[in-house]
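What follows is a set of notes on a single structure, which appears directly below.
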Amino acid sequence: MAGFFTVRGAEQVMEMEYSRSSRKGIFSAVLVILLVGIPLLPFAWGADESTISRNTCRECHYDAMYGQSFDDSVHGKNGCQSCHIDITDLDLHMSATQRPSPVNCGTCHPVIAGEYLGNFHYLQEDFRCVDCHQDIHTRKEMAGDIKQRTIEQCTQCHRNDDYVSSGHAEAVLKGNSDAAACGDCHGLHNTRVYHTSLEEYPDEARMFYNTKCKSCHADEAMMARNDLSARMVDYYEETYHGKVQGVGYSTLVAGCADCHRTHNILPKTDPRSSIHPDNLVKNCGRCHTGFHERFVAYKAHPNYRDRENYPALFWTFVFMSSLLIGTFLFFWFHTALWWRKSYWEKHKREKEGILPDICTKDREGFIHVERFTLTERIMHLMLIASFFTLVATGFPLKYYQAPWARIFISFWGGVQTAGLFHRIAAFVLIMLFAYVAWRCIRFVFPKGVGAKGWKERLFSPDSLFPRWKDWEDIKGMFLWYFNKGEKPKFDRWTYWEKFDFWAVFWGMFAIGGSGILLWKPEWSSYIVPGWVLNIATVVHSEEALLAALFIFTVHFFNTHFVPEKFPMDRLIFTGTFSIDEMQREKPMQYDRLVDEKKLDDLKRRHPGIPLKLVSAIIGLGSLLLGLTLTVLFIYVLLFP
Amino acid sequence: MKMSGLQVYGRITRLPIQVILVISCLSVLCPSPVGAQEWNIVEAQTLHEMMEKEPITLVNVMSRIECLDHRIPGSRCIACEEVTDRLPEIPRDRKLVLYCESEGCIRSCTAAQDAITGGIENVYVLKGGMPAWKRAGFVLESVERVPRAFIHSIKAEGLEEWLSLHPDYIVLDIRSEALYEEGHLEGAVNVPFHQLHERYYELPWDRALFVVDERGVRSFLAACYLARKGFPVVRLFGGMEKWRAFSQSGGQNK
């Protein structure tokens, strides 16, 4: 800061090359001030510490502004030399050898001087304090509204009709000091300049201006006294635009100024406003192309909790939330009871020394039988890969405010690549879904048989379709949890396995359908109006949370973490399990296969070590990844 | 700045590319046998120390008006367009440091190239120009300060309308002749900024001026200078750069 604003007098630079001698001038000036100033210290600020009296100066400088106007001014208690410190010798000054250089106001106004170091006017045009404060000799105590004075000052050069006719300016000129004047967005003394007028927004500029808008529009007290909502910023941040911006890619999406524009900000009721209904097609069209005009029915600041203004969104939100709460209430309760019961039984067996069945039954128990074909195992692997990709690319956006969101996004190399991977994974998942649907149809209507006997097949034990027995099994399980009955005897598919299947299958309609709409929102506007995209966003986002948490907690527990199988069941990767396990877990299927004499056809070789190892690595890796993600999600849900 | 694990991972995977880049850059910087010499880059702090230690030749390559208005103490004023003609004025026995007003230092670099071509060794360019010098908190000197005036600036989108409403204004293009030849506003008169102090009286005294530059940062001082000489002046906000971008976008970016 030292030396800032001090500009050397001209007499010292007569010799063109820089030399040490030029320092003597300043040194002697400082010395004089110190010698004369110290005795006057009791007067401190406001004391006339001049060696040359102001009346001496007035002998030549007789303009009105140096006379009574100066004495009455806010600086009136200073002598001329308080500011013009480089005039030390009257004779030298009068012979035009000692000329005043721009005044260092930073001596008394250090904070403002510090801010001014980054001011564009200073850096590029070498503006000094007096260039804006031209009335410095007659300046009075700040009277009236500072914002009105700022506007008057800036518009002397920066004629800005757009701003002057805007809502902000109108409010300021009517005396509302909450509204934004030039300095509130651009900075008063630290004026920043970004090349924004032609949309060449660097990231830094975007963040700078977005922050400026939010600093007022998220201020509860200020918005309340101006009859505006301070929640608008939050609502924006819940949308796709807001989330991408929030995760650090503000140049890729619409920020405040993209829709509301910069200087000509007006309420949407004003026909000149960029967000007036008549101007929306043009306004949205500045970024989006190839959309139907009902695209603009999209809500940029929707409030999910506002039943009156956004009924469709409100009810979607309520429905999705209840679906989530209901599903988790049931299954987490179910899981907890199951764990308690299994753990208790295991403990009892260990305590009483009851050995596992394998040692007691006939020696056929260790032989493996097939449960999943190679195709089904590959399908499940593809499902895992696409599911994790979708979660790891989608959730950083959903929880953009989480500390881990940016790490995830940078892992993918930015939101654009993350978006690309999200869509690739979505494509894989949709293909899997289509293939499963086709297999389901083929199961009920097999080749060469057609529709005949479809009902029997649909409700057969090999079918994944729910049947009456599943209801009995649910009741049976709960009775078993409370020691009120034996564990139900399951056939090929248990009810929770069926739920896993149907949850994914039905979930695909919700999450896949909304995802396809959001894939290319401009094209979707030819099918649905823009507000449906708001709904699609809620459905997609909430269904994703449901799916991810369900898989990472309920599915993981039911199939891998139950005490009998902890830490994991390799079955889905190896495809086979022992006859013992089948007898224990699917006794009805075992009996059925024995009766039908089909068990021998299903017997397979014991899986080799390589397959077992690969299965364990993939399986445990997925489980760990899933659990880590669960912790991250719960962290966000608990500390939003 | 804290670096996340993944960023570190990214850095490591990019290492081979960086090595190749560094090697190729170094190979460019190596003095070739033909004798294409490069100028040196000097930071503001280093320049300050250099000035304390030894006599150097410090040259402000802006126009004379700008240079006299504010410059690093002890500078000479040689506009970058004049370097080749004024080579004899530059002493050969000491370091030559060139600087300009903008952070990009394009003018300093052009001047440095001309000086090297003219056979001067030990050529330096101040990194970040005068803004860097100011940011570092060092002093400037003013020899003939141009009083700042309130000069209206007209934005590119309102230019055509404004000019049609003010037919009494002459468009004064203060860019170099070369840039002017490349393309200029209709009816614009060209007086390059570095000649303005000796040619302003060629302009008709009874007309108002519309000052145009390349990037919108130099026209202000030129306009203040002309205002001091008695001309009514306005200037183009953002310069020809913004005007071109505006015309190329078909006037969409209002």
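Annotations
- Here A:Lys140 is the anchor, and the aspartates and glutamates within straight C-alpha reach of less than 16 Å, apart from those fewer than 8 places off in the same chain, are A:Asp71, A:Asp72.
- Stretching A:Gln68 away from A:Asp591 to a fully extended chain increases their span by 176.9 nm, per 0.36 nm per residue minus the current alpha-carbon distance.
- Test item: Cα-centred dipole of region A:514-593, Lys/Arg +1 and Asp/Glu -1 on Cβ, debye: 100 debye
- The label point for A:Met142 and the one for B:Arg199, both projected 7 Å from the Cα toward the Cβ, are 4.6 nm apart.
- Burial ranking of peptide ranges A:134-140, A:184-190 (average Cβ count within 10 Å, highest at the top): A:184-190, A:134-140
- Under 30 Å between alpha carbons - lysine pairs in region A:324-403 that sit 8 or more apart or on different chains: 5
- The alpha carbon centroids of region A:213-244 and region A:570-621 are separated by 57 Å.
- Gain in span if fully extended, A:Val193 to A:Asp601, counting 0.36 nm per residue against the direct Cα distance: 139.1 nm
- Residue range of chain A that is longest and free of chymotrypsin sites (Phe, Trp or Tyr not before Pro) which are both DSSP loop and sparsely packed (at most 11 other C-beta within 10 Å): A:63-481
- Cross-link reach list, aspartates and glutamates versus B:Lys242, counting only Cα pairs under 14 Å and skipping chain neighbours closer than eight places: A:Glu199, A:Glu200, B:Glu157, B:Glu160, B:Asp213, B:Glu214
- For the protein assembly as shown, with +1 on Lys and Arg beta carbons and -1 on Asp and Glu, the positive-most of A:Gly365, A:Cys185, A:Trp332 along the dipole: A:Gly365
- Lysine pairs with alpha-carbon atoms under 23 Å apart, region A:465-531, spacing 8 or more or separate chains: 10
- Once the Cβ-Cβ distance of B:Ile106 and A:Ile516 is raised to the sixth power relative to R0 = 45 Å, the FRET efficiency obtained is 0.35.
- Under 18 Å from A:Lys282, Cα to Cα: lysines that are on another chain or at least 8 residues apart: A:Lys268, A:Lys299, B:Lys254
- Dipole-positive endmost among A:Phe411, A:His347, A:Leu479 within region A:342-484 (Cβ charges, Cα centre): A:Phe411
- Modelled spin-label separation between A:Ser229 and A:Phe509, with each label point placed 7 Å from Cα along the Cα-to-Cβ direction: 3.2 nm.
- For a paramagnetic label modelled on A:Glu472 (point 7 Å from Cα along Cα→Cβ), amide N atoms under 11 Å away are absent within region A:586-617.
- Using R0 = 56 Å, the C-beta based FRET efficiency linking A:Met222 and A:Arg99 works out to 0.70.
- A simple spin-label model places pseudo-atoms 7 Å from Cα toward Cβ; at A:Asp203 and A:Ile430 they are separated by 3.1 nm.
- Calculated log₁₀ intensity ratio I(q)/I(0) where the Debye formula runs over C-alpha points of region A:271-344, q = 0.21 Å⁻¹: -0.95
- At least 27 Å along the helix axis (C-alpha) and Kyte average at least 1.0, DSSP helices within chain A: A:374-398, A:415-444, A:530-549, A:609-638
- Across the protein assembly as shown, the volume of the C-alpha convex hull divided among the residues equals 281 Å³ per residue.
- 222 nm mean residue ellipticity, helices alone, for the protein assembly as shown (DSSP H n ≥ 4; -39,500 (n - 2.57); rounded to 500): -14500 deg cm²/dmol
- Measuring max minus min along each principal axis, the C-alpha atoms of region A:455-535 give extents of 57, 32, 15 Å (largest first).
- Its Cα centre serving as origin, region A:360-449 has a Cβ charge dipole (Lys and Arg +1, Asp and Glu -1) of approximately 160 debye.
- Only Cα pairs under 8 Å and 6+ residues apart enter the sum, and on that basis the relative contact order of region A:81-234 stands at 16 percent.
- Förster radius 25 Å - calculated FRET efficiency between A:Glu370 and A:Ile617, Cβ distance, rounded to 0.05: 0.70
- Part-to-part distance (alpha-carbon centres) for region B:92-128 and region A:71-117, which is given in Å: 35 Å
- Charge dipole of chain A about the Cα centre (unit charges at C-beta), most positive-ward option of A:Leu117, A:Ser622, A:Cys80: A:Ser622
- About its Cα centre, the protein assembly as shown has a charge dipole of approximately 4460 debye under the convention of +1 per Lys or Arg Cβ and -1 per Asp or Glu Cβ, with nothing else charged.
Only the coordinates and a few stated rules stand behind these numbers; no lab work does. The shown structure was predicted, so the numbers you read here are calculated from the model rather than taken from an experiment. Using ideal geometry, Cβ is built from the backbone for each residue, glycine included, and neighbour counts are taken over all protein chains shown.
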